[in-house]
Every structure is written in structure tokens, then in C-alpha cells.
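The values are calculated or read from the model by the stated rules, or taken from the named source; none is laboratory data. The structure presented is a predicted model; accordingly, all values stated were derived computationally and were not measured. Reconstructed Cβ throughout: ideal geometry from the backbone, glycine too, with neighbour counts over all protein chains shown.
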Amino acid sequence: MMSFRNISMYYFVCVAVHGITLANAATFSIQNNCPYTVWAAAAPGGGRQLDHGQVWDLNVSSGVGGARIWARTGCEFNESGQGKCQTGDCGGLLQCQGYGLPPNTLAEYTLNQFDGMDFFDISLVDGFNVPMEFSPTSGGCNRGIKCTSQIVGQCPSELQAPGGCNNPCTVFKTDEYCCNSGKCGPTNFSSFFKERCPDAYSYPKDDETSTFTCPTATNYKVVFCP
Ligand SMILES: *[C@@H]1O[C@H](CO)[C@@H](O)[C@H](O)[C@H]1NC(C)=O
Ligand SMILES: *[C@@H]1O[C@H](CO)[C@@H](O)[C@H](O)[C@H]1NC(C)=O
Ligand SMILES: *[C@@H]1O[C@H](CO)[C@@H](O)[C@H](O)[C@H]1NC(C)=O
């Protein structure tokens, strides 16, 4: 059995040799195929403006959990990167330091979980603003997911929001929709989302049909308007 000291030394040597790209870092290629500009956001990762056709390659170290990537729309920032977005705003910062506000379509992931697997999903639990694809690009893992329906145009009147379609929790704030107690099922509003994007989370406990896995060290792409 390796002693703690040996493990520490091994770790030290790895860091010294490979720098911050140590062990199973993943690259996320974030692409804007929308005909309009979006301001991509990542937690962790920050954010940047992506005009039509532009790509942002983001490296994330392994072991990151609860991470997400999303698009912001209708943003204006000043020279110091402060301002506001119509959807997905993260405290008025170009370089996000936390999550964004609904409505925003989410690419969620947790790298390097048990059994050496990454877990990833598209979630509409915080509403929908921009169509999205989230797919592996390496490692022989080829099950990607997409949510491309015209959700904004068909949004139920109660959920309509400037630039997007809200989730019912944001609007009604009840446990039935927010699931703070941890017990909830599908609702007529979650059915609206599930019918249009069967592979995406439509309510907080929608795990069974909405969670996907790839082996750790897979790279991914997130495409807005695929
Ligand atoms: C991300 O990782 C790739 C592969 O290790 C490397 O080629 C690239 O330079 C890295 N990019 C950044 C911005 O660190
Ligand atoms: C940018 O906006 C912020 C918030 O409104 C303000 O405090 C800051 O002074 C502005 N910076 C510039 C360079 O205009
Ligand atoms: C869901 O049900 C509520 C009340 O039961 C109703 O007000 C609402 O319009 C329904 N929404 C949809 C999308 O069917």
C-alpha cells in the first residue's frame, strides 16, 4: 500500500510535470450557431461574448461537480465587464462567478464520479432561453443530447418571460414545482417541456430519462442553436 507521503510526492511530481492540466481535465468546446450574439457563461469558467459562428474552448479540471454552461441573451456590458442581460444574467458580470437567473437552458455536468464516469444533462428546470446540444466529442462515447424545440414561441402564457420561457418554480414558488422538500412528480407544466425535449430535465426529479454518462476524460461540445 502506498503511504500518504508517497502519494503526496507522486501528486507533487505530477503537478510539477503537467502543471494545471493534471489528470483527466476535460475540454468543452462552446459554439454559437445562433444567428444572433449570445454571451456564453460557465460556472466554473466565467463568460465571454460569442458572435454567430464563434467558439470558446474551455478547459475544466476533473472532480468538478455541479457545473453548468448556459447562454445569456440581450446583454450590455461596459468596459469593466459590468452590465446586465435579459436572460441568464449572473449578477451583472460578463465573467460569471456563479449561476445565472432563469429563464436559461442549462448544460449541467459532474466530472469523474464513481466508476470513473462523467454525468451530464440538459436541464429546463431553470426554464428555456436558447436551443442547445450537449454531446461528447471523444472517447468513443457517442450519445449526445439536444433540446431544439420552439419552446419560447409555444410557452404557456403563465410562464412567458422576456427572451425566454420560465420554469413554473420561478413563477409560482410552490413546493409542487420547486421540489424543496425533495418529493415531487411531473406536472402539467413539466409535461409541456418534456413533450418538446424528451432528453432534458423537465422537473427536479426527472433523473431517469434525463441523465447521461460517459467515461471520465471525455471531451464535450455545447452548441447553441445546433
Ligand atoms: C486546453 O487543453 C488543451 C489540451 O490539453 C490544450 O491544448 C489547450 O491549450 C488548453 N487551452 C487553454 C485555454 O488552457
Ligand atoms: C461599469 O458599470 C459599473 C456598474 O454600473 C460601474 O460601477 C462602473 O464604474 C462602470 N465602469 C466603467 C468603466 O464605465
Ligand atoms: C396547468 O394547470 C393549472 C391549474 O391546474 C392551469 O392553470 C394551467 O393553465 C395548466 N397549464 C398548462 C400548461 O396546461
#### Entry: Test result for A26, more than 22 Å from Q150 (Cα to Cα) and touching a Gly at 6+ places or on another chain (Cβ under 9 Å)
no
### Query
Within segment 80-95, restricting attention to residues that are part of a loop (DSSP other than H, G, I, E, B) and not hydrophobic (A, V, I, L, M, F, W, C), which residue is surrounded by the most Cβ atoms within 10 Å (Cβ to Cβ)?
G88
### Task
Give just the number: which of (1) within 13 Å of ligand 3 (Cβ to nearest atom); (2) farther than 26 Å from C141 by Cα does S202 not satisfy?
(2)
### Query
Which residues, taken from segment 38-79, are part of a loop (DSSP other than H, G, I, E, B), modelled with pLDDT of 95 or more and surrounded by 16 or more Cβ atoms within 10 Å (Cβ to Cβ)?
G45, G74, C75
### Query
For Y99, which of the numbered conditions (1) surrounded by fewer than 22 Cβ atoms within 10 Å (Cβ to Cβ); (2) farther than 30 Å from A26 by Cα; (3) without any contact (Cβ under 8 Å) to a residue 60 or more places away in the chain fails to hold?
(2)
### Top-ranked residue of segment 54-71 - restricted to ones that are in contact (Cβ under 8 Å) with a residue 60 or more places away in the chain and of a type in the set (A, V, I, L, M), ranked as nearest to ligand 3 (Cβ to nearest atom)
A71
## Note on the structure
Within segment 134-192, the count of residues that are closer than 15 Å to S210 by Cβ and within 16 Å of ligand 1 (Cβ to nearest atom) comes to 0
### Message
Taking the criterion of being surrounded by 15 or more Cβ atoms within 10 Å (Cβ to Cβ) and touching a residue at least 40 places away in the same chain (Cβ under 8 Å), would at least one residue in segment 169-182 satisfy it?
### Response
yes
### Task
Could you check C141 against (1) modelled with pLDDT of 95 or more; (2) within 20 Å of D199 (Cβ to Cβ) and say which number it fails?
(1)
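For the structure I just gave you, tell me whether N32 is under 17 Å from the mean Cα position of the chain (by Cα) and closer than 22 Å to C165 by Cα. It would help to see each step written out before you state the result.
Values: under 17 Å from the mean Cα position of the chain (by Cα): yes; closer than 22 Å to C165 by Cα: yes.
For N32, the condition - under 17 Å from the mean Cα position of the chain (by Cα) and closer than 22 Å to C165 by Cα - is met.
State whether one or more residues within segment 129-140 are more than 22 Å from Y220 (Cα to Cα) and not β-branched (V, I, T). Quick ask: steps written out before the conclusion?
Taking segment 129-140 first, the residues more than 22 Å from Y220 (Cα to Cα) are none.
Scanning segment 129-140 turns up no residue that is more than 22 Å from Y220 (Cα to Cα) and not β-branched (V, I, T).
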### Query
How about segment 183-193: which of its residues are exposed (fewer than 13 other Cβ atoms within 10 Å of the Cβ) and within 12 Å of ligand 3 (Cβ to nearest atom)?
N188, S191
### Task
Go through (1) at negative phi; (2) buried (at least 19 other Cβ atoms within 10 Å of the Cβ); (3) more than 15 Å from the chain's Cα centre (by Cα); (4) not acidic (D, E) and name the single condition G153 misses.
(2)
